[in-house]
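Some notes on the structure that comes next.
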């Protein structure tokens, strides 16, 4: 057992402390400035990791979690932090990535976009044990299911589904039940008689999408529209290239400013969904199944006026980043769910390929969790 003081929160949601005998260590359960008794829990990336047994000097930014399953359920990990402090911590995580990994001494002040702290989740995936009629979420670091009656992050309509656990247990597919609250009704896979429908339309700032319970769809409608619409007042031209384009969300919001829009996505199902959405909304865009590096490598510099990239957590592969740099779009919008890999890629784009950061933002799509989305606009 050790007594440690947490210095700051890191990407991934855990804290960092310094020790005389082990150097820098990671801690789960302490907030910045807090002191607590901790016990060893293995290593993360070669760094000693500790779990908090008791908080001896709590922070004023700590609160009583408004959920009886917090700490057991693996759904959210920051419910014990006051919301303004959560936003402060996410800004600090972004700054840490930019300075420590990106090695940037200066960069544009990030805009902070936030919304409702509770009831914001419009999509859910319940884990189901049909024999026990248990419906809920997985226990933290486990595949065991915690049977819940409600979740403070879910919309009222999605929480209402938990009144029908026996039905969900009977119709769940492979131990899962997926649903989306469109605002007007609930869609689920499979549909529940008199409770949900198989398909429905959801509206995002005037754009309409047909969704089912299995559809890929963001959890936070309020914030995703702000994310997708960010920089639409700045970016325009003849050709837009949207790499890692998914179901075409960014292309849909930006298409009005371009004559031609091409979306590149390797997942065939997402390509099909994107083209269906473009056709339904009369948007002049086309989605193509390809990898970013294969498609970008076919064109010469200057062919595209703007490129949007929204890569997975691992960031942009070296081959893809080289292909994008060769394309040399005058403006480049980089969206990320991992500020550490984003900062790594930004360092290469700025120092080796002549880009300059002109705008940054943080989007809190997932309050009460450590997840964050970040955006950086670059210009040649």
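Just so it is clear, none of the values below were taken in a lab; they were calculated from the coordinates. Quick caveat, the model's predicted, so the values are computed rather than measured. With ideal geometry, Cβ positions are generated from the backbone for all residues, glycine too; neighbour counts draw on all protein chains shown.
Odds and ends about this structure:
- The chain - share of DSSP beta bridges that are antiparallel (%, nearest 5): 65 percent
- Ranked 53, 38, 202, criterion: other C-beta atoms within 10 Å, fewest first: 53, 202, 38
- As a proxy for reagent exposure, ranking 59, 130, 196 by other Cβ atoms within 10 Å from fewest up yields 130, 59, 196.
- Inter-label distance for residue 259 and residue 171, nm, one decimal - labels placed 7 Å from Cα along Cα-to-Cβ: 5.0 nm
- Choice from 255, 323, 41 showing the highest fluctuation, given a GNM over the chain with Cα pairs closer than 10 Å: 41
- Using the Cβ-Cβ distance between residue 141 and residue 268 with R0 set to 30 Å, the FRET efficiency works out to roughly 0.35.
- Shown is the FRET efficiency for residue 129 and residue 300, computed with R0 = 45 Å from the Cβ-Cβ distance and rounded to the nearest 0.05: 0.20.
- Residue order for 168, 112, fewest other beta carbons within 10 angstrom first, comes to 112, 168.
- Distance between the range 98-143 and the range 1-66 - C-alpha centres, whole angstrom: 20 Å
- Under 13 Å from the residue 64 label point (7 Å along Cα→beta-carbon), backbone N, the range 97-130: none
- Cβ-Cβ FRET estimate between residue 313 and residue 19, R0 fixed at 41 Å, reported to 0.05: 0.90
- The helix-based estimate of mean residue ellipticity at 222 nm for the chain, built from -39,500 (n - 2.57) per DSSP H run of four or more residues and divided by its residue count, is -6500 deg cm²/dmol to the nearest 500.
- Remark: C-alpha extents of the range 60-132 on the principal axes read 57, 28, 21 Å, sorted largest to smallest.
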